[in-house]
Number of protein chains: 4
Amino acid sequence: MTTEKELQEALERARQAALRVLHQGRVATYIPELGKADPNLFAMSVHLLDGTKASIGDTDRSFSMQSVSKVFSLAAAMHAKCEDLFAKVSVEPSGDAFHSIVLLEEEEGMPRNPFVNAGAIAISNRLPGTTAKARFEYLRRFLGDMCGEHPPEMDSNVWLSETNTGHRNRALAHFMQHWQVIEDADGTIDTYFRQCAISVTAKSLARYGLFLANKGVDPLTEKVVISAEENKMLLALMTTCGLYDAVGQFAVDVGLPAKSGVSGGILAIVPGEMSIAAFGPALDGKGNSVGGIAALQSLSNELGLSLFN
Amino acid sequence: MTTEKELQEALERARQAALRVLHQGRVATYIPELGKADPNLFAMSVHLLDGTKASIGDTDRSFSMQSVSKVFSLAAAMHAKCEDLFAKVSVEPSGDAFHSIVLLEEEEGMPRNPFVNAGAIAISNRLPGTTAKARFEYLRRFLGDMCGEHPPEMDSNVWLSETNTGHRNRALAHFMQHWQVIEDADGTIDTYFRQCAISVTAKSLARYGLFLANKGVDPLTEKVVISAEENKMLLALMTTCGLYDAVGQFAVDVGLPAKSGVSGGILAIVPGEMSIAAFGPALDGKGNSVGGIAALQSLSNELGLSLFN
Amino acid sequence: MTTEKELQEALERARQAALRVLHQGRVATYIPELGKADPNLFAMSVHLLDGTKASIGDTDRSFSMQSVSKVFSLAAAMHAKCEDLFAKVSVEPSGDAFHSIVLLEEEEGMPRNPFVNAGAIAISNRLPGTTAKARFEYLRRFLGDMCGEHPPEMDSNVWLSETNTGHRNRALAHFMQHWQVIEDADGTIDTYFRQCAISVTAKSLARYGLFLANKGVDPLTEKVVISAEENKMLLALMTTCGLYDAVGQFAVDVGLPAKSGVSGGILAIVPGEMSIAAFGPALDGKGNSVGGIAALQSLSNELGLSLFN
Amino acid sequence: MTTEKELQEALERARQAALRVLHQGRVATYIPELGKADPNLFAMSVHLLDGTKASIGDTDRSFSMQSVSKVFSLAAAMHAKCEDLFAKVSVEPSGDAFHSIVLLEEEEGMPRNPFVNAGAIAISNRLPGTTAKARFEYLRRFLGDMCGEHPPEMDSNVWLSETNTGHRNRALAHFMQHWQVIEDADGTIDTYFRQCAISVTAKSLARYGLFLANKGVDPLTEKVVISAEENKMLLALMTTCGLYDAVGQFAVDVGLPAKSGVSGGILAIVPGEMSIAAFGPALDGKGNSVGGIAALQSLSNELGLSLFN
């Protein structure tokens, strides 16, 4: 077991590793609002199952979840006991970019996994509620309830920015409606844009992810978020599909289930031990936080966290 | 820790699980010699790090390694300290079938990972030796030496059968020679056909894999096969790329690094604990042993082996 | 030169050829309203440059233009002297299905040619007018004016049917908006759905196409519809891109510039001689009228019309 | 009808048009021997059906046929009355590069048309003869016999150069053997490399193509080379598939059936009128002679040759 002091020292070295590479990355600009982020920001937070916490860097700086939200919307849909959640979404790595429409055509509208954009849109469509906003509210309350806290807020500027520019995701939604994978492209895409705009900090993100390190049960509130079986599935999916088309390299370098987002957040899980959130808006060519990945690699090596050791 | 008795009981239940599904599979026929296999065969062997062994079923029945050999040829190339092994082979899941040539064209001859056929051919090309046979002999001796045993034999009928019919793999080799990923398509493909024809049993396969469960060191001979870093890489690659286009479902259902072959063999590793070999020539639609997967899923659930628990 | 009597006899034999194959086809059902068509209908009309006309079959039966409208919207955009019409639309055959989105991703939103759906949507977006309806009205009036007749009507049922089900085309439009090929996906798609619903008969369709056989000038009203250069381009595009993915076989069998639509219409042009319209709602597997193609092949052979003789 | 004087003047202007653009092109280098060509060379020859000839530029300079040979090997296979020539080769434009292997995988080894490399290799495999050399000799003699001349020679340096470097074409051949489209990849590819190396001049190439302008009959020897039906098919295929992925633009700009090769030759046919050969080794980005295309466009416009006028 790692002591708090060892953890804090390992975090410090992780931050050093991140700072060395931040200059190699660039903030995402395809959503204009994200382009305003400061590429020099970096934060990392670790929550252990017993409540021990450690943080470093800009941990109170808020950012939008973006694709990290895909983990929580899937967990929320599992929590809501949605039936046949995987009848129209596969569970295989895509081998293509996260927003690709090519595979969707080859496979008749069925997304490769719930973490490519198309798959996440299809899952959001399944959240309880008949309107975009109701489905989104379900997700927000799900996050708050499991931690016994206020639900997170949505960053309206990010949401508006995605609404105005997210034509590619809209194309994915209409394409899936053509194949009857979803029913209402316009409504579904709004749920999706809203969930991507959920505002978190490195601290709160690590807190939200804690149930994933504890077989689906939040260890502090003791609430059963999802079943142990569902939790195993989520971690397996994060491992094989969580980092866009860098999932193989991440498995080699870090060796943990994780999910990244274009705002620069990464959530990584050490089963039975801890939840880790990294944040750094400077991204590499594959859309992952350069600082986040460097810090996670350092931490994983220092503490021997890789599943493949 | 699992006792020998628990292990044997779990193997019995795994066999039951396998027998229930064998009828759903079919033996591979694209290599004519493989088409002669008995679809009702099934075997499973487990080797623990301390030398404890347990087996069930047709564990003395020999079969050709086929794609399971890709793990060992990569390990042998690492062992031989080949430089820049990954300069012309990526480490990402392909999202396509194992023998696809499509991605190879998009990515200018660079295979997606060392476990798709193209990648494995490129790695075989790097084994020490200037002829096909010399490279193959290096691999055979590598396997024997690490266990302190005789090197395994090659099944000449399988080798001839592949030589006569392996036009698709020959196409992959020539395509890579076009892109200067390999130098000598004809020689390289012969090394590859030979390694696929290496003859093993479930018992010997589990024995060969033992170093993978022990950070790269064979626990019985104490020989350093590959470094701990290289071993971590191999296990990560097996997890994200080891089961053709069923890697995501396998991670969900079994949750272990593994590599399958079309003769019906699967090698799975529990890091720090054990090496498992399953064998059953009846394959599912994605080319994986139906019995082998069912047995591994049963064993993983019974003993709580999944990395994602 | 063909006499009227020879023409009428050739039409009769063309009809016989069509009737023999009608049973092989099926009416399109992906637009529900089209599914109501009678698969036994067949009509063919020929207009010569000197005003001679000949017709056979159900030539007063009206049908919606569907993809045949793509020829006229491109002509109308040329007529309106739209600048840089081909800055964001290529002129090459696609090798893929007419509604494919795959090439659109590979080529960053730039449609392969103006006759695949994506290309036609991009062209419709360029028609004069700031609203969907204004652009559509321009096209209707263009058709009426050039012939000195009333503009054709739109079939509201077909338009509504496409509006309710055209999710795939909507996906194409949003995808192109992402790549800034068009500005307003929702408005553009409405123009497109409207133009596809323009109602014609075999007679009126052959009449509308007459300028294409006469270097861009309507031979009866003597109005210059487009320039001789633009007309040459249209005929070249019809020859290489006009029959979906059956363009090669059609060039072999018929050898004329042509454009087909899923309602069963085909417009074919013999440069310097005649305009031919065929109609038969029973389609082959590639979306072309089986009767229409058989009749055109018969007529082309009888009268030696192929450009490749 | 064009007089000899008009023809010569038009050729002079065509040459001017070519010389203006030669600097934009580059000689092919992927076959090393072709890289030695002088990019400033240019030649054009025209043969009329009545025996009238006109030439300009370096018309005695020899070059290897490369892909232009695909027209003649298909004609030779038709001449030899090979059965079911199109049972395993389609007749549609590919929409992809000429040497692409992607479509071949999607379509289970069946080439899109006889003018992409895979299709031409499959056709060469059908020439009479049981060895590579015998099939090649059949083609050579076919060319000589139809004109009553000596058969053309093969450029051994070019043949050797392709033999040493043509790994991509070898991959295509092995891939087709996998799908049983051809039987003997190694032998077939040698026939293909030999035919590509057939040595011609602009004059001799225009001479060989004369039957194509005359419904399949050589107008000077009066030998029936292929049937009128087969000739129509060849011209249709040249129009829809003859210029790699520039076939649409060529139809717009020149409007004639044509076939180009990477050595810089282009053969174009005006049905019922003339055979035209252009030569210029400087190629555009799509592998077509820049000078050849400019000259053909000039000639087509001057003399009103386009089929789409």
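Brief remarks follow.
- P(r), alpha carbons of segment D:68-181 - 5 Å bins starting at zero, rounded %: 2, 12, 20, 23, 20, 14, 7, 2, 0
- Convex hull of Cα atoms in segment D:27-83, direction-averaged projection (nm²): 6.0
- Gaussian network model of chain B, Cα within-10 Å springs - most flexible of B:Val91, B:Val200, B:Val252: B:Val252
- Heavy-atom accessible surface of A:Trp179, to the nearest 10 Å², is about 70 Å², with a 1.4 Å probe and all protein chains retained.
- Expressed as a fraction of 2.2 N^0.38 Å, the C-alpha radius of gyration for segment B:4-303 is 0.91.
- Pairwise label distance in nanometres, C:Arg61 with B:Ala80, each label 7 Å out on the Cα-Cβ vector: 7.1
- Relative contact order (%) - segment B:49-144, alpha-carbon pairs under 8 angstrom, separation at least six: 28
- Modelled spin labels at A:Thr29 and A:Glu229, positioned 7 Å past Cα toward Cβ, are 4.9 nm from each other.
- Label-to-label distance for C:Gln180 and D:Glu12 is 4.8 nm, based on points extended 7 Å past Cα in the beta-carbon direction.
- For B:Ala28, the amide hydrogen comes within under 5 Å of the amide hydrogens of B:Leu283, counting only partners 5 or more places away or on other chains and with H modelled in the peptide plane.
- Accessible-area composition of the protein assembly as shown, carbon plus sulfur, in percent [1.4 Å probe]: 48
- For the options A:Ala278, A:Ala173, A:Ala87, a Gaussian network treatment of chain A with springs between C-alpha atoms closer than 10 Å singles out A:Ala87 as fluctuating the most.
- Converting the Cα gyration tensor eigenvalues of segment D:1-153 into ellipsoid dimensions via √(5λ) gives semi-axes, longest first, of 31, 22, 16 Å.
- Using a 1.4 angstrom probe on protein heavy atoms only, the contact between C and D buries about 2600 square angstrom of accessible area, both sides summed.
- In loop segments of segment A:124-166 as defined by DSSP, there are no trypsin sites (Lys or Arg not before Pro) with at most 12 further C-beta atoms inside 10 Å of their C-beta.
- Reference-scaled alpha-carbon Rg (2.2 N^0.38 Å with N residues) for segment D:148-222: 1.41
- GluC sites (Glu not before Pro) lying in DSSP loop within segment A:159-248, provided at most 11 other Cβ fall within 10 Å: A:Glu183, A:Glu222
- Sequence-distant residues sharing a close amide H with B:Ile198 (under 5 Å, placed H): B:Met65, B:Gln66, B:Asp155
- Summary value for segment A:151-212: 45 percent relative contact order, contacts being C-alpha pairs under 8 angstrom separated by 6+ residues.
- Three principal axis lengths of the protein assembly as shown [C-alpha, angstrom, descending]: 96, 66, 55
- Cβ charges +1 (Lys, Arg) and -1 (Asp, Glu), total dipole of the protein assembly as shown, debye: 0
- For chain B, averaging the sequence separation of C-alpha pairs within contact (under 8 Å, six or more residues apart) and dividing by the residue count gives a relative contact order of 28 percent.
- Accessible area (Å², per residue) of the protein assembly as shown, counting only protein heavy atoms and a probe of 1.4 Å: 34
The values are calculated or read from the model by the stated rules, or taken from the named source; none is laboratory data. In this text the structure is predicted, and so the values were computed from the model without any measurement. FYI the Cβ positions are ideal-geometry reconstructions off the backbone, even for glycines, and counts take in every protein chain you see. Please note that ligands, DNA and RNA were not included when accessible areas were found on the heavy atoms of the full protein model with its side chains. Shrake-Rupley method; radii C 1.70, N 1.55, O 1.52, S 1.80 Å.
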